[in-house]
Amino acid sequence: MSPIRSATIAALASAVVATTLTGCQFGEADTDTSPIVIAVDLELSGAAAPVGRTYQRALELKRDQLNSSGALNGRKIELKFKDNRSDAAESLRNIADFSSDSQVTAIIMGGCNECALGAVGTINEKRIPTIALAASGGVASPVADRRYVFKLGPNAADSAAALTTELRRNNVRKVGALVSDDDYGREGMAALKSELVKANITLREQKAKITDTDVNQQVRQLTSNKPDALVFWTPPEQAMLAATSAQQTTFRGSLFFDAGAAGDLFLGGAAKATERATLIFTQTMVIDDVIATTPAKAARRQWFQDYTARFGGYNGASSFAADAVQLIADAELRAGGEIGKVDRDGLRDVLETSQMDGLSGPIRMTPDNHSGLMPQALTTLVARNGRWRLAG
């Protein structure tokens, strides 16, 4: 080989190496390290504060886990909290503020049904993807009017179907139901009545405002009809109050709790009143009773252990908040877009087709269904010795 040709080949090789190195350097320079900013509207004071604080703890734990995992390709989750004081008007102001913040990628809203329903118009107008942890199906349906709103949590129809299956299995023919006087309660009773009619089970109901701290009168009215079972379709604190009230009457039938009544794993002062009660909820609530035979179950078990280690107990609602963060983070990474620039429309489009085996169970969002928790996520739990356990 001639010296000239040899030198030319060497020069070309050097140029290729230099180009490759330069490309790597440019690639590194183009890596998106901007934060994924998630705004959070929660009930941190007021009537719904206990659930709001549960969500806050779960969101912060999931943020810390994701940020330390390296799974975000060098990016970090940032959470911006605002307290809506359990007030729909205050919540709407928070949503308006968040949507005007160009750094905010998406919003997570807490368990307040009225807050989520009242914010739908603003969320759609501002085109900001929002995941609500509120129970009412009207939060995410009809989808045509809720393009930017998604819901994560048990659905009333699924809970009603599972409850009715358990009532039939226990040969219950007459039911008394204490129902929250809000959108979720009304939706739940419509679903439950439909299921009970098919099962030839009679129903009598009493309503309670979600702010009521005394439900003795309603429970006495229900038990006076001598039902075989009582169903509590209320927030967790009211369900515990109702169980205690029922214990103080002559009622000796069975207690059944809707998924919305799920709260702490350990039943505390209501342990005796709730012994042998049935709860329809997700398996993660009692994942320490489950053998981790799949990666999804192993992840749920690890979440349960991490939450319990940090906070000294477990609350069933926590997994929904954690899954909301995961959904947004995954969607942000998949959406791509211009580096360092928030692409809310791109994120919304990805969220609408998101699928994952979450901490709460299987989650599937579609363009026709923005309420992603699948019916298979629900199972039957039983109160035994002061805590919830897997039935069977």
Inset, instruction - Give, as residue ranges, the helices (runs of 4 or more DSSP H) completely inside the range 81-195 that count at least 2 residues that are of a type in the set (Val, Ile, Thr) and in contact (Cβ under 8 Å) with a residue 12 or more places away in the chain. - result: 113-126
Inset, instruction - Restricting attention to the range 159-178, report how many residues are within 21 Å of the chain's Cα centre (by Cα) and under 25 Å from ASN216 (Cβ atoms). - result: 1
Inset, instruction - Could you check how many residues of the range 333-360 are under 16 Å from the mean Cα position of the chain (by Cα), touching a residue at least 12 places away in the same chain (Cβ under 8 Å) and outside any loop (DSSP other than H, G, I, E, B)? - result: 3
Inset, instruction - Identify, by number, the condition in (1) part of a helix (DSSP H, G or I); (2) among the β-branched types (Val, Ile, Thr); (3) surrounded by fewer than 19 Cβ atoms within 10 Å (Cβ to Cβ) that THR33 doesn't meet. - result: (1)
Inset, instruction - Look at the range 94-121 and say how many of its residues are among the polar types (S, T, N, Q) and crowded, with 18+ Cβ neighbours inside 10 Å. - result: 4
Inset, instruction - Please find, among ALA89, ALA135, ALA144, the residue that is out of contact with any strand residue (DSSP E or B) (no Cβ under 7 Å at 6 or more places or on another chain), closer than 21 Å to SER354 by Cα, at pLDDT 95 or above and open to solvent by 10 Å² or more (accessible area, probe 1.4 Å). - result: ALA144
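Do you know which of the residues in the range 103-122 that are of a type in the set (S, T, N, Q) and modelled with pLDDT of 95 or more is farthest from ARG146 (Cα to Cα)? Don't jump to the end; show me each part of the working.
Of the range 103-122, the ones of a type in the set (S, T, N, Q) are 103, 105, 113, 122.
Then keep just the ones that are modelled with pLDDT of 95 or more; that gives 103, 105, 122.
Numbers: GLN103: 22, THR105: 18, THR122: 11 Å.
Among those residues, the one meeting the criterion is GLN103.
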Inset, instruction - Could you list, in sequence order, all residues of the range 58-80 that are surrounded by fewer than 16 Cβ atoms within 10 Å (Cβ to Cβ) and in a helix (DSSP H, G or I)? - result: ASP64, SER68, SER69
Legend entry - Selected residue (criterion: surrounded by the fewest Cβ atoms within 10 Å (Cβ to Cβ)) from residues of the range 311-320 that are more than 10 Å from LEU359 (Cα to Cα) and in contact (Cβ under 8 Å) with a residue 40 or more places away in the chain: GLY313
Legend entry - Failed criterion for ALA329 (all others in (1) in a helix (DSSP H, G or I); (2) over 19 Å from ASP32 (Cβ atoms) hold): (2)
Inset, instruction - List the number of the failed condition for ARG168; all other conditions in (1) basic (Lys, Arg); (2) surrounded by 16 or more Cβ atoms within 10 Å (Cβ to Cβ); (3) under 20 Å from GLU43 (Cβ atoms) hold. - result: (3)
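Given the criterion touching a Pro at 6+ places or on another chain (Cβ under 7 Å) and surrounded by fewer than 17 Cβ atoms within 10 Å (Cβ to Cβ), identify the matching residue among LYS193, LYS174.
LYS174
Scan the range 198-205 and tell me whether some residue there is of a type in the set (S, T, N, Q) and either within 20 Å of GLU166 (Cβ to Cβ) or exposed (fewer than 15 other Cβ atoms within 10 Å of the Cβ) (or both). Show your work before the answer.
So in the range 198-205, the residues of a type in the set (S, T, N, Q) come out as 200, 202.
The next check asks that each one be either within 20 Å of GLU166 (Cβ to Cβ) or exposed (fewer than 15 other Cβ atoms within 10 Å of the Cβ) (or both); those that pass are 200, 202.
Yes: one or more hits.
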Inset, instruction - Look at the range 361-392 and say how many of its residues are part of a strand (DSSP E or B), open to solvent by 50 Å² or more (accessible area, probe 1.4 Å) and of a type in the set (A, V, I, L, M, F, W, C). - result: 0
Inset, instruction - Taking the options ASP330, ASP345, ASP357, ASP323, name whichever one is of a type in the set (Asp, Glu) and surrounded by 20 or more Cβ atoms within 10 Å (Cβ to Cβ). - result: ASP323
Legend entry - Pairs, first closer than 10 Å to LEU178 by Cβ and open to solvent by less than 30 Å² (accessible area, probe 1.4 Å) in the range 209-223, second charged (D, E, K, R) and modelled with pLDDT under 95, C-beta under 9 Å, six or more apart: GLN218/ASP212
Legend entry - Options ASP228, ASP289, ASP258, ASP264; residue that is closer than 26 Å to SER136 by Cα and open to solvent by 50 Å² or more (accessible area, probe 1.4 Å): ASP264
Legend entry - Residues of the range 151-170 satisfying the condition of being touching a Gly at 6+ places or on another chain (Cβ under 7 Å) and under 21 Å from THR353 (Cβ atoms): LEU152, ASN155
Inset, instruction - Any residue in the range 47-71 that's closer than 30 Å to ASP212 by Cβ: show its pairings with residues that are open to solvent by 60 Å² or more (accessible area, probe 1.4 Å) and among the β-branched types (Val, Ile, Thr) at Cβ separation under 6 Å, as long as the two are six or more apart or on different chains. - result: ALA47/THR211
Legend entry - Selected residue [within 30 Å of THR249 (Cα to Cα) and modelled with pLDDT of 95 or more] from THR274, THR308, THR294, THR282: THR274
Legend entry - For ASP41: the one exception among (1) under 23 Å from GLY313 (Cβ atoms); (2) touching a Lys or Arg at 6+ places or on another chain (Cβ under 7 Å); (3) buried (at least 23 other Cβ atoms within 10 Å of the Cβ): (1)
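The values are calculated or read from the model by the stated rules, or taken from the named source; none is laboratory data. Because the structure is a prediction, the values reported are computed rather than measured. Glycine gets a Cβ as well: all are built from the backbone with ideal geometry, and neighbour counts include every protein chain shown. The area values use the complete protein model at the heavy-atom level, side chains included, leaving out ligands, DNA and RNA. Shrake-Rupley method; radii C 1.70, N 1.55, O 1.52, S 1.80 Å.
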